[in-house]
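Q: Below is a structure I'd like to ask you about.
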Amino acid sequence: MNPKIWLSSPHMSGNELKYITEAFDTNWVAPLGPNVNGFENDIQTYLNEDRHVAALASGTSALHLSLILLGVSQGDEVICQSKTFSASANPIVYQGASPIFIDSEKDTWNMCPVQLEIAIKDRIAKGKTPKAIIAVHLYGMPYKVDEINKIAVKYNIPVVEDSAESLGSQYKNKNCGTFGDFSILSFNGNKIITTSGGGALITKTLKLKEKAVFLATQARDSAPHYLHSEIGYNYRMSNIVAGIGRGQMTILDNHVAKRRSNYKFYVESLKNNEKITFLQEPKGYFSNRWLSCILLDSKETREGLRLALEKENIESRPLWKPMHQQPVFKEYPSYTNGVSDELFNRGLCLPSGSNLTKNELDRIISAINAYFVT
Ligand SMILES: Cc1ncc(COP(=O)(O)O)c(C=O)c1O
């Protein structure tokens, strides 16, 4: 059996250990320290906008804190892109609020502005203005930022930008992670850079960052003893983990370039296969191509190909199953147009790691070609 090819595996730069060793040498083995501050500064510099970054334990905790800071509570409604990973929606339920799911459009596979406005009007007519809109740049492809923001402004609803998969992507030359009232990043093991697990909340003011850090460190009021007037969370990133992040930030642009070149390789190698299509970048969009995805002509071909790759020890995965189809979220309202269901049926994510070798890429193409000739 050939060695396993993973969908998206961690890829270290070699610089990580320097920061981790420094943390040990100086005894900063805690959820604070120079690597935490340094990692936050590195991300702030990279984003290149007037934003503030709080390093946290995960992208999910960043989403949760953003909803808390927006005052989302029991009985509220929060709009969420249906085609996403469950972590985009779970924090809505943590707060006792209801997710309202919105289908995708075909140009970016992200939140459909038409369905979004239909949903907002309908929710208002039913008596509740949604408290927030969670929009996701899926697989690194930016969502329709201008269109979504325009609707958000029109109805005065804040946007939480789920940029977990899109660090390094741009929309009209501005970095993803800077478009929301709050934005979040993930450094989970499969992301474009990883800290093994981790995330960040991006805020527009220092005051909001400070409030997020306060909540993330058990909401300790200023007093010589432990004093609490709010419920807190243990959501801060550790100084060791942030050391990995500092090392990873030194090669983020290389990872983006490599993932984009994987995508180009797939397009080029499969261009004569009429059963396979790709999502193109619309004008003004720059995707980090976190995952290279293909659409097959049918669900049967998609599943057949997935199993054929599995036989060759190559991991691939159907595109996200929409949240409105998930057993745990089925009862919540959804505004659908069939797009995300079709993408789920026909879409497959191919191995996309920045550490894929030419040999591995050739193996994947051979396996795909072999499936279509048999
Ligand atoms: C779109 C999306 N949102 C949120 C998350 C949650 O991030 P984390 O795993 O760091 O909690 C992830 C990835 O895991 C994701 O892909």
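Q: Which count do you get for residues in segment 324-356 that are among the small types (Gly, Ala, Ser) and surrounded by fewer than 20 Cβ atoms within 10 Å (Cβ to Cβ)?
A: Going residue by residue through segment 324-356, those that are among the small types (Gly, Ala, Ser) are 334, 338, 340, 347, 352-354.
Restricting the remaining residues to those that are surrounded by fewer than 20 Cβ atoms within 10 Å (Cβ to Cβ) gives 338.
The total comes to 1.
Q: For Val145, are the conditions met, namely being buried (at least 20 other Cβ atoms within 10 Å of the Cβ) and within 11 Å of the ligand (Cβ to nearest atom)?
A: Working: buried (at least 20 other Cβ atoms within 10 Å of the Cβ): yes; within 11 Å of the ligand (Cβ to nearest atom): no.
Here the answer is no, as Val145 does not meet what is asked.
Q: In segment 106-113, is there at least one residue being surrounded by fewer than 19 Cβ atoms within 10 Å (Cβ to Cβ) and either more than 16 Å from the ligand (Cβ to nearest atom) or modelled with pLDDT of 95 or more (or both)? Break it down stepwise before answering.
A: In the first step, residues of segment 106-113 are kept if they are surrounded by fewer than 19 Cβ atoms within 10 Å (Cβ to Cβ); the result is 106-107.
Remaining after also requiring either more than 16 Å from the ligand (Cβ to nearest atom) or modelled with pLDDT of 95 or more (or both): 106-107.
Yes, segment 106-113 contains a residue that is surrounded by fewer than 19 Cβ atoms within 10 Å (Cβ to Cβ) and either more than 16 Å from the ligand (Cβ to nearest atom) or modelled with pLDDT of 95 or more (or both).
Q: Show the residue pairs that are 6+ apart or on different chains and have beta-carbon atoms under 8 Å apart, the first residue being within segment 136-149 and more than 9 Å from Pro113 (Cβ to Cβ) and aliphatic (A, V, I, L, M), the second being at pLDDT 95 or above and assigned to a helix (DSSP H, G or I).
A: Val136/Ser88
Q: In segment 4-20, which residues are β-branched (Val, Ile, Thr) and over 24 Å from the mean Cα position of the chain (by Cα)?
A: The one that is β-branched (Val, Ile, Thr) and over 24 Å from the mean Cα position of the chain (by Cα): Ile20.
Q: Examine segment 87-107 for a residue that is in a helix (DSSP H, G or I), hydroxyl-bearing (Ser, Thr, Tyr) and within 23 Å of Pro327 (Cβ to Cβ), and state whether such a residue exists. Reasoning before the result, please.
A: Taking segment 87-107 and keeping what is in a helix (DSSP H, G or I), we get 87-88, 90-94.
This time we only want the ones that are hydroxyl-bearing (Ser, Thr, Tyr), so: 88, 94.
Then drop every residue that is not within 23 Å of Pro327 (Cβ to Cβ), which leaves 88, 94.
Yes, some residue in segment 87-107 is in a helix (DSSP H, G or I), hydroxyl-bearing (Ser, Thr, Tyr) and within 23 Å of Pro327 (Cβ to Cβ).
Q: Follow-up question, since we're still on this one. Let me confirm something: among Val256, Val267, Val241, which residue is within 28 Å of Thr108 (Cβ to Cβ), touching a Gly at 6+ places or on another chain (Cβ under 9 Å), among the aliphatic types (A, V, I, L, M) and part of a helix (DSSP H, G or I)?
A: Details: Val267 fails: touching a Gly at 6+ places or on another chain (Cβ under 9 Å); Val241 fails: within 28 Å of Thr108 (Cβ to Cβ).
Only one candidate passes the filter, namely Val256.
Q: Go through segment 280-318 and report how many residues are touching a Lys or Arg at 6+ places or on another chain (Cβ under 8 Å) and of a type in the set (D, E, K, R).
A: 8
Q: Scan segment 44-65 residue by residue and report those that are touching a residue at least 24 places away in the same chain (Cβ under 8 Å) and away from the ligand (no atom under 14 Å from the Cβ).
A: Tyr46, Leu47, Asn48, Glu49, Asp50, Arg51, His52, Val53
Q: Something else about it: In segment 250-282, how many residues are of a type in the set (S, T, N, Q) and farther than 22 Å from Leu138 by Cα?
A: Kept after step one, since they are of a type in the set (S, T, N, Q), are these residues of segment 250-282: 250, 254, 261-262, 269, 272-273, 277, 280.
Keeping just the survivors that are farther than 22 Å from Leu138 by Cα gives 250, 269, 272-273.
So the count comes out to 4.
Here's the yes/no breakdown for (1) basic (Lys, Arg); (2) under 16 Å from Gly353 (Cα atoms); (3) part of a loop (DSSP other than H, G, I, E, B):
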| site | (1), (2), (3) |
| --- | --- |
| Lys283 | yes, no, yes |
| Cys293 | no, yes, no |
| Gly304 | no, no, no |
| Glu310 | no, no, no |
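Q: Quick one: which residue in Thr178, Thr205 is of a type in the set (S, T, N, Q), more than 30 Å from His11 (Cα to Cα) and over 11 Å from the mean Cα position of the chain (by Cα)?
A: Thr205
Q: Tally the residues that are within 16 Å of the ligand (Cβ to nearest atom) and among the charged types (D, E, K, R), restricting the search to segment 148-191.
A: Final tally of qualifying residues: 4.
Q: Out of (1) touching a Leu at 6+ places or on another chain (Cβ under 8 Å); (2) surrounded by 24 or more Cβ atoms within 10 Å (Cβ to Cβ), the odd one out for Leu63 is which?
A: Against the list (1) touching a Leu at 6+ places or on another chain (Cβ under 8 Å); (2) surrounded by 24 or more Cβ atoms within 10 Å (Cβ to Cβ), Leu63 comes up short only on (1).
Q: Being buried (at least 20 other Cβ atoms within 10 Å of the Cβ), within 22 Å of the chain's Cα centre (by Cα) and closer than 30 Å to Phe278 by Cα is true for just one of Phe39, Phe85, Phe101. Which residue is that?
A: On the way: Phe39 fails: closer than 30 Å to Phe278 by Cα; Phe85 fails: buried (at least 20 other Cβ atoms within 10 Å of the Cβ).
Step by step, each of Phe39, Phe85, Phe101 is checked, and only Phe101 is buried (at least 20 other Cβ atoms within 10 Å of the Cβ), within 22 Å of the chain's Cα centre (by Cα) and closer than 30 Å to Phe278 by Cα.
Q: Here's a check for you: in segment 42-57, which residue that is within 18 Å of the chain's Cα centre (by Cα) and either surrounded by 24 or more Cβ atoms within 10 Å (Cβ to Cβ) or not hydroxyl-bearing (Ser, Thr, Tyr) (or both) is farthest from Lys204 (Cα to Cα)? Write out each step before concluding.
A: Taking segment 42-57 first, the residues within 18 Å of the chain's Cα centre (by Cα) are 43-44, 46-47, 53-57.
Okay, now just the ones that are also either surrounded by 24 or more Cβ atoms within 10 Å (Cβ to Cβ) or not hydroxyl-bearing (Ser, Thr, Tyr) (or both), so 43-44, 47, 53-57.
Values: Ile43: 14, Gln44: 11, Leu47: 12, Val53: 9, Ala54: 11, Ala55: 15, Leu56: 17, Ala57: 20 Å.
The selected residue is Ala57.
Q: Consider Ile68 carefully, then state whether it is within 16 Å of the ligand (Cβ to nearest atom), under 20 Å from Val213 (Cα atoms) and over 19 Å from the mean Cα position of the chain (by Cα). Let's see the steps before the verdict.
A: Working: within 16 Å of the ligand (Cβ to nearest atom): yes; under 20 Å from Val213 (Cα atoms): yes; over 19 Å from the mean Cα position of the chain (by Cα): yes.
Here the answer is yes, as Ile68 does meet what is asked.
Q: Can you tell me how many residues in segment 326-340 are basic (Lys, Arg) and touching a residue at least 60 places away in the same chain (Cβ under 8 Å)? It would help to see each step written out before you state the result.
A: As a first pass, look at segment 326-340 and keep what is basic (Lys, Arg): 330.
Subset that is touching a residue at least 60 places away in the same chain (Cβ under 8 Å): none.
Number satisfying all stated conditions: 0.
The values are calculated or read from the model by the stated rules, or taken from the named source; none is laboratory data. This structure is a prediction, so every number in the text was calculated from the model and none was measured. When we count neighbours, we look across all protein chains shown, and the Cβ atoms used for this are built from the backbone with ideal geometry, even at glycine.
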